[in-house]
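Peer 1: The structure follows.
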Amino acid sequence: MNLPRWPGAAVVAVLLLLTLGTLAAVLWRADSFSGLGRADWAAVRFTVIQAFVSALLSVGFAIPVARALSRRRFIGRGLLITLLGAPFILPVIVAVFGLLAVFGRNGLLNEALQWLGLSKVSIYGFSGVVLAHVFFNLPLAVRMILQGWLAIPAERFRLAASLGAPVGVLLERPMLRAVLPGAFLSIFLICLTSFAVALTLGGGPKATTVELAIYQAVRLDFALDRAALLAAVQFGLTIVAATVSFWIALPEGFGSGLDREITRWDGQKAWQKIVDFGFITLAVLFLILPLMMVILRGVAGLSDLPSSVWPAIGRSLAVALTSTALCLLASLVLALRGGRAVNVASALPLAASSLVVGTGLFVLVQPWMNPAKAALPVTIVMNALMALPFALRVIEPAVNKAEADYARLSDMLGLKGWARVRIVILPRIRRPFGFGAGLAAALSMGDLGVIALFATEKQQTLPLLMYQLLGSYRNDAAAGAALVLLGLSLALFWLFDRGGRVDADA
Amino acid sequence: MLTLDALEITQGDFRLGADMSFEAGQVTALIGPSGAGKSTLLSVVNGFFRQTSGRVLWQGKAIDDLQPDERPVATLFQDNNLFPHLTIAQNVGLALGPKLSFGSDPRVAEMLSAVGLTGMEGRKPARLSGGQQSRAALARVLLMDRPIVLLDEPFSALGPGLRTEMLDLVRSKLLTPDRCILLVTHDPDDARRSSDTVALIDDSEVAPPVPTEELFANPPERLKTYLGI
Amino acid sequence: MFRLTSGCWQCWLRCESEPVEPEPVKTGGGKVIRYALGPHPFGAWSKIMKNYLYHVAGLCLVATGAMADTPVLNVYTYDGFDSDWGPGPQIEAAFEETCACDLQWVAAGDGAAVLSRLRLEGDNTDADVVLGLDTNLVAAARETGLFAATDVSAEYDLPVAWEDDTFVPFDWGYFAFVANKDVEAPADFRELADSDLKIIIEDPRSSTPGLGLLMWVKAAYGDEAADIWADLADNIVTVTPGWSEAYGLFLDGESDAVLSYTTSPAYHVIAEEDDSKTSWSFAEGNYMQVEVAAKVASTDTPELADQFLAFLVTDAAQSIIPTTNWMFPAVTPETGLPEGFGDLTQPTEALLLSAEDAAAAAAPAIEEWRDALAQ
C-alpha cells in the first residue's frame, strides 16, 4: 500500500510506553525491592481461576444465544442486539447496583423466591463475581460469535440443507473453532484486571484479585516494587493467554453487519424454535432486567442532580469524542500495518493495571508539567488506550477484507498511501469503523480514567460526579447521574454505529 | 511487442515456463484448463507476481522492476473492477490519477459515451446491470490508455450474449495497431470469435501463439484433449 | 477499562483518622525520619521546565494584570472535600476574604491517594498544605519528612487529648455500624458475631474506614482479634472497596448494618428529614477517626500556609464542617453543633491507637483479618 511505516511503529511505541513503560517508571521509582508474598500469589491464583470460569461461562452461554439470534427473526431484533451491548459499556458500579437490584438479598429474584415460599439465595462470593463478569461480558461473547455465524455464507446453509447434511458438524463447528478462542481470550483478559466487581461481590478477602493487591501495594504500603511486579505478572499472564489463543486459532473480528438476517433451512423444528426463544428470553431477562432497574432508580434521582451535572456532561462528551478520535486513528494505523506484533501490542492495554499505568504516567509527566493540568489529556489518552483493543478487533478484519478485495485494482490505478486510505479503505470500512467509534465513545464515556493521582481542579467528568454523589450520601442523585451516563453512552454508541451504516454501500 | 523472455514461474509445486512474444495490434487468447496458470501468467505481466527467472519486456525494455501502476499495462480483473462506494464517473476518473475530482473531467464523459453509458455518471455500480458494470470498467481501461491490456475473464459472469457483445466492444474500441491485448478465457468460442492468435497453456508450458483460424482448423492433440474432440 | 479502573474512586471519601488509645495521643515532636526517596529522576529537568513555564506563565500574568500579585495557596485534599456540596468551596470563600490570596484545591482520590501523590512528587511538589490525612496515615506521612512543624494549635474538643506540632486536626468522628432503628442493636462485637445480623464492611487494603475497623477490633481485643473476625465471618455479606459502595448497598437493603460513622444518621435527618437510621454504640468503645491538615516543608509560602492552618480551626471554618463533611468539628463553634447532631449515638468510650502503634499494627492486622475471613 506504500504507506510509510513510521505511524504504525509510533503507535506501537506509544502503546508499549503506556503499558510496559509506565510499569518500568513505577519500578524505577521504587526504593526497595522485595519479592511477592504468599498473599500476592493467592491473589494471582484467584484472579486466574475466576477469569477462566467467567470466560468459560460467558462463552458457553453465548453460543446458544448467538445461534438463536442468527437464525430467528422477530420484531425488535435489531434493537435487542444494540441493547445487549449495554452492559459492556456500563460503569462498573452502576452495573453492580443494577445486578443487586435483581439478584441481591432484597432483589427481585429473592422477593420472588420468598413469595413462592422458598428460602433466599445469596450471590455474594465466587458465584457473584462470576455472575457479574458474565453479565458484563456475555454481550461481547454473543457479538463475536454471532458475527461468526453471520459470516457463514447463506449458500452453504442451502447446500447443507439440500444434502441433508448436519449443519453443526459441517459449518458450525469449524466456525466456532475459529471464533471461540478469540472470544474466550478477550473475556479472560478483561476479567483478569477486575477489581471493583470482584471485591464488591466477592464477599471477602477470598476474592482478592491481583488488581486489589496492586492497589494495596501502591496506596497502603507505597511498595512500588511490589505493584510493578504484580503488574508484570498480569502482563505475563496476558502474553501466555494470547499466545495460546493465537496458536489455537486466529481471532475473528466482531461487530459489523449484525442486523443481517440469514435465511436458514435448518433448525425449523418446533422444539428448536422453543429452545432458541428460550435462550433469547433468558438472555434478555439476565441482561435487560438489571438495566431496567438502573433506569427505574435513575428516573427518580434525575430531579436531585446538582447543576454541576451540565459542565460534567460537557466535559465527558469532550473527553469521549477526543479519545474516540484518537483511538480510531491509532486503530486504523495499526490495522493498516497489521502483523502479529501489532496484535500482541494491542492486547497489552487489556492487561494493564490502571493504577500502575496511572502511577507510571504520573512519574513520567510530573517533571514536565503540573499533573493537575494534565488530568484531562491523560484521561483522554488512557481512554483511547483502553478502548483500542476493542476498536482494533473491529477495524482490522475490515481493513484486511478491503485490501483483499481491492488491493490489485488500487495498485493498478496507482492509489497509494494516504489517497488509498481516503478513497478506498475508509469508505470500505465505514460500518465497522462506525461501530468501533461507537464502542470507543461509549467506553470512554463511562470510564473514570486514571486521574486519581492527577488531581483535578473542578474538572469532574460525569462518572466522577456520580462517584462523588455516591460518596456523600446522595445515592438518589448518583442513580440519576448513572442514568444520564447510561443514556449518553448508548446514544453515542447508537449515533456512531448508525453513522457508519447510513448510505453505506455493501 | 510484448516479450516473455525465458520466463520461469514457480509457486509451491506449480511451475510454468514461457518464452515468446505477442504482437501489437492483436488480441491473443490464452486458453487452457483451470489451474494451468493463465491468471498467474497475467499477474507476472501486470506486476502482482514475481517470476522466478526470465524477463518481461515491452518494446525491448524490461518492465520487471516497475510497480503495477508504472507498467504500461491495464487489467480487467475477474471481479472487483469497480469500487462500489464511488460513482461510475469517479471510478472511471481514477484512470487519470488518484483524485476523485477527476470524475468530472470531460474525458470521463467521453469514454462513458463511447461504451454507451451516457447519463450514468452519477450512479453507483450497484445501480447498474452486470453488462453496464463491465462497460464502465472498460471505459476506465480506455481512459487509462495503456499499450498492454490484460483481460482476466472479466466477462465470465455475464450471459453468452452479453459476453459476445462485450468482446466485440473490446475489439472495436480498445484494439489499436499499437496495443497488445491478452484475453484469458476458458471458452474456445470466445477465443475463436474475438482473438487473432491463440496461446495454449498446458503441461507447465505456454505454447507460442498461433493464428486462431489455423489453430482451430488443425487443432493439435493438446487442444483436442482440452476441447474434448 | 472503565469498569476496572473505578476502584480508585470508590474509597476516597470519608477519610478517617487514626487511632489513639483513650489516653492522650502522643504525636508530634520527636522523630522525623527522612523518607528514603532519592532525588527525583527528572529533578534537574523539572527545574528547567518549571523555569520555562514560569516565564511563559509570567507573560500571561502580566497580560492579565490583576492576578499578578495574588499569592496562591495550593491545598491538596481528597476528592469529596472539594465537591460542590463538600466543605471546600465555602472554606475557600471564607479564607480568601481574609487572606488576599488565591486558595486552590487540588483534589486527588482519598487521603491515601493524596499521600501517595505527595510521596511521588517529593520535594518537587507544588503543595503548600495537605488536608485530609487521617490518623492511620499520620505515621507514614511523618516518616516521609515532607511535612513541616507549625505553631498552630487550639482548644480541641476531641475525646482524646491532641498534641502534635505538625498535624492539625480539623474534624473527627466515631466509626460505628449504622442500621435502621427497628433492628435490635447488639451490645458489642461478640454479640454481633453471635447474631444473625448481616453487615457490610470496607476492605482495609483499599479503604480508610476498612482499616479503621481493623484498628478498632485490634484496639478492643488485642490478641483475640483473630477470633472475633472468625466469628464475624458469617455476618459479613460482603467487603467493598470503599465506603461509597458499602453505604450504597446498605441503603439498597443488602444488609442490616454497614460500617460508617455515628454522624451518618445526621445526614438523613438534616438533608432528608429521615430519622429512621441510627448507629450502634459498642460496649468496648467505638474507634475514632481524626482528620488532619499539615504544612508541606517545601512550601514557598510558609506564612500563608500557617495562616490557613490557623484559619482551619477557627469558628469560620469549623462551623462549615458538620453539615458539609458530616463529621464533628475539631473545635466546637460558639454557635454549637447543628440540630440533628445532638441526638446522635454517644459512644461509651473513644478508642484510638497512637499513630505509631497503628502503623505498626496495620500489616499484621491485615494478614490476620485476611486469614480469618478466608477460611
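Just so you know, all these numbers are worked out from the coordinates, no wet-lab data involved. Bear in mind the structure is a predicted one, so any value in this text is a computation, not a measurement. Please note: Cβ atoms are built from the backbone with ideal geometry, for glycine as well, and neighbour counts cover all protein chains shown.
Peer 1: Give the Cα extents of segment B:83-145 along the principal axes, in whole Å, largest first.
Peer 2: Cα spread of segment B:83-145 along its principal axes, largest to smallest: 26, 23, 17 Å.
Peer 1: Would any residue of segment B:54-91 have its amide N under 19 Å from a label point 7 Å out along Cα→Cβ of B:His186? List them or say none.
Peer 2: The answer is B:76-80, whose backbone nitrogens lie closer than 19 Å to the label point.
Peer 1: Could you list which residues have their amide H under 5 Å from that of B:Asp202, counting only those 5 or more apart in sequence or on another chain, with H placed in the peptide plane?
Peer 2: Excluding prolines and chain starts, which carry no amide H, the hits are B:Ala207.
Peer 1: Find how much the distance from A:Leu79 to A:Met292 grows on full extension, using 0.36 nm per residue of separation minus their present alpha carbon separation; answer in nm with one decimal.
Peer 2: Taking 0.36 nm per residue and subtracting the Cα distance, the gain is 75.2 nm.
Peer 1: Hydropathy first: keep DSSP H helices in chain A averaging at least -1.0 on Kyte-Doolittle, then drop any whose Cα extent along the axis falls short of 27 Å, and list what survives.
Peer 2: Helices meeting the span and hydropathy rule in chain A are A:38-71, A:126-150, A:173-192, A:224-248, A:270-301, A:309-337, A:371-412, A:475-501.
Peer 1: Other chains' Cβ within 10 Å of A:367-378 residues: what's the mean?
Peer 2: Other-chain Cβ atoms within 10 Å of each residue's Cβ, averaged: 4.
Peer 1: Quick check: pseudo-label points 7 Å beyond the Cα along Cα→Cβ at C:Asn124 and C:Glu349, how many nm apart are they?
Peer 2: 4.9 nm
Peer 1: I'd like the projected area of the protein assembly as shown, averaged over all directions, using the convex hull of its alpha carbons. Report it in nm² with one decimal.
Peer 2: 50.8 nm²
Peer 1: Just to confirm my numbers, what's the Cα centroid distance between segment C:135-163 and segment A:192-246 in Å?
Peer 2: Centre-to-centre distance over Cα atoms comes out at 34 Å.
Peer 1: Work out the mean other chain Cβ neighbour count within 10 Å for the residues of C:120-126 and drop it here as an integer.
Peer 2: Mean partner shielding for this stretch: 4.
Peer 1: Summing +1 for each Lys or Arg and -1 for each Asp or Glu, what net charge is found among the other residues whose Cβ lies under 12 Å from the Cβ of C:Ala187?
Peer 2: Residues near C:Ala187 contribute -4 overall.
Peer 1: Beta carbons within 10 angstrom, averaged per residue: use that to sort the peptides A:6-13, C:316-323, highest first.
Peer 2: C:316-323, A:6-13
Peer 1: To the nearest 0.05, what FRET efficiency results for C:Asp371 and A:Arg156 with a Förster distance of 60 Å applied to their C-beta separation?
Peer 2: Efficiency, rounded to the nearest 0.05: 0.55.
Peer 1: If you take every residue apart from B:Met20 with its C-beta less than 14 Å away from the C-beta of B:Met20, what net charge results, scoring Lys and Arg +1 and Asp and Glu -1?
Peer 2: That works out to -4.
Peer 1: Rounded, prolate or oblate: pick one for chain B, where a ≥ b ≥ c are the square roots of the eigenvalues of its C-alpha gyration tensor, a/c under 1.5 means rounded, and failing that, prolate if a/b is larger than b/c, else oblate.
Peer 2: prolate
Peer 1: Mind ranking A:36-46, C:247-257, A:430-440 by how tightly packed they are, going by the mean number of other C-beta atoms within 10 angstrom, highest first?
Peer 2: Highest-to-lowest ranking by the protection proxy: A:430-440, C:247-257, A:36-46.
Peer 1: Evaluate E = 1/(1 + (r/R0)^6) for B:Asp168 and B:Phe14, where r is the Cβ-Cβ distance and R0 equals 45 Å; express this FRET efficiency to the nearest 0.05.
Peer 2: Given R0 = 45 Å and the Cβ-Cβ separation, E is 0.85.
Peer 1: For the pair A:Trp6 and A:Glu111, what calculated FRET efficiency results from E = 1/(1 + (r/R0)^6), where r is the Cβ-Cβ distance and R0 = 56 Å, to the nearest 0.05?
Peer 2: 0.40
Peer 1: Would you calculate the separation in nanometres between label points at B:Ser53 and B:Ala217, each defined as 7 Å from the Cα along the Cα-to-beta-carbon direction?
Peer 2: 3.9 nm
Peer 1: Taking the Cβ of B:Met144 as the centre, find all other residues whose Cβ is under 12 Å away and add up their charges (Lys, Arg: +1; Asp, Glu: -1).
Peer 2: +3
Peer 1: A follow-up question, please. For a test of the definition: using alpha carbon positions, the gyration tensor, and the 1.5 limit on a/c, classify segment B:2-123 as rounded, prolate or oblate.
Peer 2: Verdict is prolate for segment B:2-123.
Peer 1: So, one more: Count, for each residue of A:100-109, the Cβ atoms from other chains sitting within 10 Å of its Cβ, then give me the mean as a whole number.
Peer 2: That works out to 3 on average.
Peer 1: C:Thr314 versus B:Asn80, label points 7 Å from Cα toward the beta carbon: distance in nm?
Peer 2: 7.7 nm
Peer 1: Further, regarding this structure: For C:Ala148, which sequence-distant residues (separation of 5 or more, or a different chain) have an amide H within less than 5 Å of its own amide H, given hydrogens modelled in the peptide plane?
Peer 2: C:Lys295, C:Val296, C:Ala297
Peer 1: For every helix of n ≥ 4 consecutive DSSP H residues, a contribution of -39,500 (n - 2.57) applies; sum these over chain B, divide by its total residues, and give [θ] at 222 nm rounded to the nearest 500 deg cm²/dmol.
Peer 2: Calculated mean residue ellipticity at 222 nm is -8500 deg cm²/dmol.
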